[in-house]
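**Student:** Structure provided below as structure tokens; questions to follow.
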Amino acid sequence: MTGSFQAYVPQVALDQVLPFALLIGAGLVILALDALLDFARGMTPARRDNILCWVTGISLLGAGFTHYADFLGANSRPFLEGAFRADAFGNLGALVIILAALAFVVMSPSLIRRRRLPAGELYALLLFSCSGMTMLTVANELVTAFICIEILSLALYVMAGIDRRSRRGGEAAFKYFILGAFASAFLVFGIAFLYGATGTTQLFGQGATYDRMMAAERLGMPITLPLGEPTYNMGINEVLHAGQRVVTVSQPVSEIVDGQVVVTDQIVSTLAAVNPMWLFLGFALVFVGLCFKLSLAPFHMWAPDVYEGAPTLSAMFIATASKVAAFAFLVHLVEAMSFWSHFPAASGFLIGGVAMVSILWGNLGAVVQSNFKRLLAYSSIAHGGYLTIAIATLVHPEVFGDYDRIERVRSAILFYLFAYTAMNILAFGVAAYLGARGEGDIRNYRGLFRRRPAVALAMALSMLSLMGLGIPLLIGFWGKMYVFKEAIDVGLISLVIVGAAGNVVSAFYYLRVVVEMFMRDDLPADAPPEESPRGLAFPLVLVASSALVVLFGFLPPLFLALGGR
Amino acid sequence: MDPTFLYTLILSATLFTIGVIGVLWKRNAIALFMNVELMLNAANLAFVAFSREFGLMQGAPLVLFVMTVAAAEAGVGLAIFIALFRSRRHIRADELDLLRG
């Protein structure tokens, strides 16, 4: 045996893994500090929580900077054996997630004090879930993506139920966990079928193998790869482009070297057709799994219960960051599968149907809600539907191959995600600021404008922006505008009509909150007392997110300009 | 196509379906979770079947990742169940109705 065996040594570039390493490392440091700080002299629980909060915030800022640096030097080449691929879209998505996490950290001390939560665990879980989310935005391999989704989900389940004294929190965590695990099983079963159909779990390959395969195919011979050569650097993108997948058989091959027959143990690869049924089954199952995570109707049933039962800040983080991460992954997945010729027929229908049902169900469901957090949950289901219109645009045959347009749709999705995050930080932030009064019945908001005009204005800003079409010069308007414009351009008129109708319905419940705050004054007798925390933390977040909502409403291209393109 | 491969796939799909039906029908939290585990293992079986049929090596190791994730999920899930049991003395999913709009 004189096989040309080369030891395969994976290469790890430190600068590429730094953003993830920072977050995971900081999470571990928080766990250690939480245990060790109690031994420090003169340490009180309040001071310990304060230190943990600062460490978390600073590490998040650090991760944000590394993502931004990554973005500026983005080369979109897969790294870590093709497990990740940090393109501009993924890096900016990670920045939006870190923004939500920072808002959480700044607002968290008063929540921890008020509900006596374990700070160390909460911050560590936040960092772990944040690491899972940021990794998911740049994931380039399906099983890596699955693990990222699990990292973020497992941390979020516990964050939903972190208040052990609250019976509702426990119930929320339970429901979130059961349906989340159910969704994960769909996801991984779908991944198995995508793997079965294409022979790879990578989204975008490194391309070298593909070139060689094609060369061998042209010569009409099976390609032989030496042992140890990674055959897995062909991605779903390349496989679907070729319409053919690699089938590998390891067998002894005889070669004539210097007039002698030498047996070399080699891997022989041939091409086989992609099985379209498995491909569709795989994609549909993965999409259904993601729909659960994104709380898209008809897979949304956990969202209202979890948002209501979880601590408000956890609900904010679940509503914003986890959706940004899952949408970023969905965008990368459909982008990798863009060569799939069956996309338009069945899958486009599936995606468009989910978008339609989500918009209708979310908006109609929100109308009948009396609890403010449940209203936000249904509102987020509807917003997920609007975003799914953009996904349906992305898989539309007309977009195929038109890279300018793909870039525009991706920018629209990113801008919408950013807008959605900023608006929801504001809405949940006000609810958390008002404490028990803001987290319950909407009628408890009556007379808020008279008592606290600034807070009422911030909430009104958020509601009008969430409404979207109707109030220009707010961020939500442009988010929807971009998404609808791209959808109309490719002719998805029916989806846009449903979206516009949903927008009209949404005016009813968003304006209802505004009316309660500004025009009604008869606070219900059972309204809990107001318990606004002192200090600058909440005003800082509320002012900052209000500024984002207004500023980017005036200058929507600023977001893309800040992004450098 | 190798018949063994086809049988394995059919078995995997059957296990997955049993899991889905179980999650939708069962009421006890532990039983629900067992069905989720069944679905994950059905996926594992599919991974191995595809991996073997096409002579691709990386399918089999993926199973290890899924199993690890399943173990982590069990850890977190059972902790949530215990916390819930402490406050209510039962973990029947259909009797958790504090949150309903």
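The values are calculated or read from the model by the stated rules, or taken from the named source; none is laboratory data. Computed from a prediction, not measured in an experiment: that's the story for all the values here. Cβ coordinates were reconstructed from backbone atoms using ideal geometry, including for glycine residues, and neighbour counts include every protein chain displayed.
**Student:** Kindly indicate whether A:Leu154 is more than 14 Å from chain B (Cβ to nearest Cβ) and either under 20 Å from the mean Cα position of the chain (by Cα) or modelled with pLDDT of 90 or more (or both).
**Tutor:** Here the answer is no, as A:Leu154 does not meet what is asked.
**Student:** Here's a follow-up. All but one of (1) at pLDDT below 90; (2) more than 22 Å from the chain's Cα centre (by Cα) hold for A:Ile406; state the number of the condition that does not hold.
**Tutor:** Against the list (1) at pLDDT below 90; (2) more than 22 Å from the chain's Cα centre (by Cα), A:Ile406 comes up short only on (2).
**Student:** Looking for whichever is under 27 Å from B:Arg92 (Cβ atoms) and not charged (D, E, K, R) here; the options are B:Ile10, B:Ile21. Which one fits? Break it down into steps so the answer makes sense when it comes.
**Tutor:** Details: B:Ile10 fails: under 27 Å from B:Arg92 (Cβ atoms).
From the options B:Ile10, B:Ile21, the qualifying one is B:Ile21.
**Student:** Turning to a different aspect of this structure: Take the residues in region A:157-171 that are more than 7 Å from chain B (Cβ to nearest Cβ) and of a type outside the set (A, V, I, L, M, F, W, C); name whichever of them is surrounded by the most Cβ atoms within 10 Å (Cβ to Cβ).
**Tutor:** Among them, the one singled out is A:Gly169.
**Student:** Among the residues of region B:26-55, write down those that are in contact with a Lys or Arg (Cβ under 9 Å, 6 or more places away or on another chain) and either within 16 Å of A:Ser184 (Cα to Cα) or at the interface with another protein chain (Cβ under 8 Å from one of its Cβ atoms) (or both). Reasoning before the result, please.
**Tutor:** Keep residues of region B:26-55 that are in contact with a Lys or Arg (Cβ under 9 Å, 6 or more places away or on another chain), which gives B:27-29, B:32, B:34-35, B:54.
Selection gives B:Ala29, B:Leu32, B:Met34, B:Asn35, B:Phe54.
**Student:** Give A:Ala392, A:Ala422, A:Ala436 a once-over and let me know the one that is of a type in the set (A, V, I, L, M, F, W, C), at pLDDT 90 or above and more than 17 Å from A:Leu330 (Cα to Cα). Before you say what the answer is, go through the steps one by one.
**Tutor:** Working: A:Ala392 fails: more than 17 Å from A:Leu330 (Cα to Cα); A:Ala436 fails: at pLDDT 90 or above.
Only one candidate passes the filter, namely A:Ala422.
**Student:** Hey, another quick one. Criterion first (facing another protein chain (nearest Cβ under 7 Å) and either within 18 Å of A:Phe146 (Cα to Cα) or part of a helix (DSSP H, G or I) (or both)) does B:Ser87 satisfy it?
**Tutor:** The answer is yes for B:Ser87.
**Student:** Can you tell which of B:Val76, B:Val23 is modelled with pLDDT of 90 or more, under 19 Å from A:Arg168 (Cα atoms), under 18 Å from the mean Cα position of the chain (by Cα) and within 8 Å of another protein chain (Cβ to nearest Cβ)?
**Tutor:** B:Val76
**Student:** Okay, next question. For region A:439-463, how many residues are out of contact with any Leu (no Cβ under 6 Å at 6 or more places or on another chain), modelled with pLDDT of 90 or more and surrounded by 23 or more Cβ atoms within 10 Å (Cβ to Cβ)?
**Tutor:** 3
**Student:** Condition check: surrounded by 22 or more Cβ atoms within 10 Å (Cβ to Cβ), over 24 Å from B:Phe54 (Cβ atoms) and within 14 Å of chain B (Cβ to nearest Cβ). Does A:Ala303 satisfy that?
**Tutor:** yes
**Student:** Name the residue that is farthest from A:Phe508 (Cα to Cα), counting only residues in region A:409-453 that are β-branched (Val, Ile, Thr) and touching a Ser or Thr at 6+ places or on another chain (Cβ under 8 Å).
**Tutor:** Per the stated criteria, the residue is A:Val409.
**Student:** Let me ask something else about it. So if I check each of A:Ala487, A:Ala460, A:Ala456, which one is part of a helix (DSSP H, G or I), more than 22 Å from A:Ala366 (Cα to Cα) and touching a helix residue (DSSP H, G or I) at 6+ places or on another chain (Cβ under 6 Å)? Before the answer, list the steps.
**Tutor:** Numbers: A:Ala460 fails: more than 22 Å from A:Ala366 (Cα to Cα); A:Ala456 fails: more than 22 Å from A:Ala366 (Cα to Cα).
A:Ala487 is the lone residue from the list that is part of a helix (DSSP H, G or I), more than 22 Å from A:Ala366 (Cα to Cα) and touching a helix residue (DSSP H, G or I) at 6+ places or on another chain (Cβ under 6 Å).
**Student:** Please give the number of the condition A:Val106 fails out of (1) touching a residue at least 24 places away in the same chain (Cβ under 8 Å); (2) outside any helix (DSSP H, G or I); (3) not charged (D, E, K, R).
**Tutor:** Of (1) touching a residue at least 24 places away in the same chain (Cβ under 8 Å); (2) outside any helix (DSSP H, G or I); (3) not charged (D, E, K, R), only one is false for A:Val106: (2).
**Student:** Also, I was wondering about something else. Taking the condition modelled with pLDDT under 90 and under 30 Å from B:Ala13 (Cα atoms), does A:Gly190 pass?
**Tutor:** Against the criterion (modelled with pLDDT under 90 and under 30 Å from B:Ala13 (Cα atoms)), A:Gly190 does not qualify.
**Student:** Give me a count of the residues in region B:56-73 that are assigned to a helix (DSSP H, G or I), at the interface with chain A (Cβ under 7 Å from one of its Cβ atoms) and within 25 Å of B:Thr4 (Cα to Cα).
**Tutor:** Residues in region B:56-73 being assigned to a helix (DSSP H, G or I), at the interface with chain A (Cβ under 7 Å from one of its Cβ atoms) and within 25 Å of B:Thr4 (Cα to Cα): 4 in total.
**Student:** Are there any helices (runs of 4 or more DSSP H) wholly within region A:284-395 with 1 or more residues that are under 23 Å from A:Ala507 (Cβ atoms) and more than 17 Å from the chain's Cα centre (by Cα), and if so which?
**Tutor:** Filter on region A:284-395 gives A:302-309, A:348-367, A:372-394.
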